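Novice: The following block contains the structure, expressed as structure tokens.
Derivation of every value follows stated rules applied to the coordinates shown; laboratory data play no part. If you're wondering where the values come from, they're calculated on a predicted model, not measured in any experiment. Here the Cβ is made from the backbone with ideal geometry for all residues, glycine too, and neighbour counts use every protein chain on show.
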């Protein structure tokens, strides 16, 4: 088939490489923002051709939206006239607002997907052909799609080596909040805390593995993550409150020197790793 | 020289392997808690001999305390009668309370060291011979030590491939708090938040790299970390308050939909990685 990918950063670029690697797409078209990106994408051989949106729509059996979640929303009106056979798919980190904003005309075509994989890197240069292998993709509200679009999506993700989980979009946004969006908010806060208190010399001298891991996702793109926080606002605020409760618990245990209880509380946190 | 190591978990066991690997010690003695540990340590060939504390004191040119920080404090009285030539060294994650608790009789012998390296793993089985290589060790208040003890410590850490940073113990505890102790408190809280809200099935399905990194140190030993939080209580409470301010900032920006400011705040967090 022919795959058209809108946005060729880490997610879109890696998908472009994967569909070529596994022989899923004979031809891959890309759509990017500007001439500089066009040159970069072609130099990196991510796609066969960079085309305008109209050509991409006409030629593709599958159109993939691999852009920040607010840009997905802005792009949807341009896809209203695709034919019944063309599958549209987004790879955004939020799902409820997106599925709600897909108009009836293309709702059957539109597969809401969230590959649960990412690094703090972004841009076309970060794209790698095995980025998705062994990871999970969440597909939401498939009951709203026509079966041949679902089949196309399932085949694609299976062939690039992903584990498929089906979920309601609302439910997805709650789980993705706790497992990804809240941790990002925390990492950004930790990075800003350390930057406001510590001098660069001490940071360089004393950063060990734990801190590097905890602050890694604070390197993520502000534009991409502002959009995600915006679209998952209510869940994120709730999860921040729950996290706050746990920070209050540990603070109270330390302040009042309840060290036996503190050890027990830490032991409870340890059990996460029995299931992970 | 002969090295005697008290405690043969990740830190002590890895040091035992390193001093053998680099030919720094001809003989390595170990002191452990019980018969089961003795068997484990000998089966793993971490030391040449497991001995009692009196033999270890008599035979060692360098005694290393590689036990949790409260256990270090409890052990010090047993070391009061070492001779002038014997160097004592601790590897604890807090330094101020420890140096304050070293009696005058052995203050000149006692090197306060904190190798800034660790994983969530612990116990003798976790020990590896290149654990310390390429990492930083902080040495505190060396002005209170006799020069030949300092020389012995500097040589040891240089030979096992560590970068040496000298620091006041009080200052160390502040920096170590922000760069290590606070991140641990946050990681334990995040793990407990997710455990209290999410079911195991969703955690397994949706845990991607970011969450795994952020919750990794929540696997750390509760006993070891309760001691550290106890000894660095005041700094930790201060740092938790500062982190709280930053969580309040991001919460307020999201709640009031100040998304341009939110992106700027994230951008500030990004700059951490220009220096790391």
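Novice: Considering chain A as a Gaussian network with a 10 Å cut-off on Cα pairs, which listed residue, A:223, A:155, A:245, attains the greatest mean-square fluctuation?
Specialist: Greatest mean-square fluctuation among the candidates belongs to A:245.
Novice: What fraction of the DSSP beta bridges in the protein assembly as shown is antiparallel, stated in percent and rounded to the nearest 5?
Specialist: If we restrict to bridges inside the protein assembly as shown, about 15 percent are antiparallel.
Novice: Antiparallel DSSP bridges in chain B: what percent, to the nearest 5?
Specialist: Roughly 15 percent of the DSSP beta bridges within chain B come out antiparallel.
Novice: Can you sort B:239, B:147, A:221 so the residue with the fewest Cβ neighbours within 10 Å comes first?
Specialist: B:147, A:221, B:239
Novice: Further question on the same structure: Would you mind getting the Kirkwood hydrodynamic radius of the protein assembly as shown from its Cα pairs, rounded to one decimal in Å?
Specialist: 25.6
Novice: Considering all projection directions equally, how large on average is the shadow of the alpha-carbon convex hull of segment A:43-148, in square nanometres?
Specialist: Over every viewing direction, the Cα hull of segment A:43-148 projects on average to 7.3 nm².
Novice: Cut-off is 10 Å between beta-carbons; in what order do A:163, A:251 appear when sorted fewest neighbours first?
Specialist: By the 10 Å Cβ count, ascending: A:163, A:251.
Novice: If I fit a long axis through the Cα atoms of helix B:147-159 and take the longest principal axis of the Cα atoms of chain B, what angle between them do I get, 0 to 90°, rounded to 10?
Specialist: 60
Novice: What's the center-to-center distance, using Cα atoms, between segment B:211-257 and segment B:80-106 in Å?
Specialist: 30
Novice: Next up: Which values, in whole Å and largest first, are the semi-axes of the equivalent ellipsoid of segment B:175-221 obtained as the square root of 5 times each eigenvalue of the Cα gyration tensor?
Specialist: 22, 11, 7
Novice: Please order B:104, A:226, A:55, B:86 by the number of other Cβ within 10 Å, starting at the fewest.
Specialist: Ranked by crowding around the Cβ, least crowded first: B:104, A:55, B:86, A:226.
Novice: Figure the gain on full extension for residue A:201 and residue A:44 (residue separation times 0.36 nm, minus the Cα-Cα span) and round it to one decimal in nm.
Specialist: Using 0.36 nm per residue and subtracting the Cα-Cα distance, I get 52.8 nm.
Novice: Further question: In whole Å, what are the extents of chain A along the principal axes defined by its C-alpha atoms, from largest to smallest?
Specialist: On the principal axes, chain A reaches 67, 43, 31 Å in Cα extent.
Novice: Give me a single rounded figure for B:112-118: the average over its residues of other chain Cβ atoms within 10 Å of their Cβ.
Specialist: Averaged over the peptide's residues, the number is 2.
Novice: What angle, in degrees between 0 and 90 and rounded to the nearest 10, separates the Cα long axis of helix A:233-255 from the longest principal axis of the Cα atoms of chain A?
Specialist: With rounding to tens, the tilt is 20 degrees.
Novice: Next up: Check the axis relating chain A to chain B and name the residue of A whose C-beta is nearest, distance in whole Å.
Specialist: A:213, 2
Novice: Below 8 Å between Cα atoms, with a sequence gap of 6+, how large is the relative contact order for chain B in percent?
Specialist: Relative contact order, chain B: 17 percent.
Novice: What share of all Cα pairs of segment B:172-275, in percent, falls into each consecutive 5 Å distance bin?
Specialist: 2, 10, 15, 19, 20, 18, 11, 4, 1
Novice: I would also like to ask the following. Taking Cα atoms, how many degrees apart are the long axis of helix A:222-231 and the longest axis of chain A, rounded to 10 and kept between 0 and 90?
Specialist: Between the helix axis and the principal axis of chain A, the angle is about 90 degrees.
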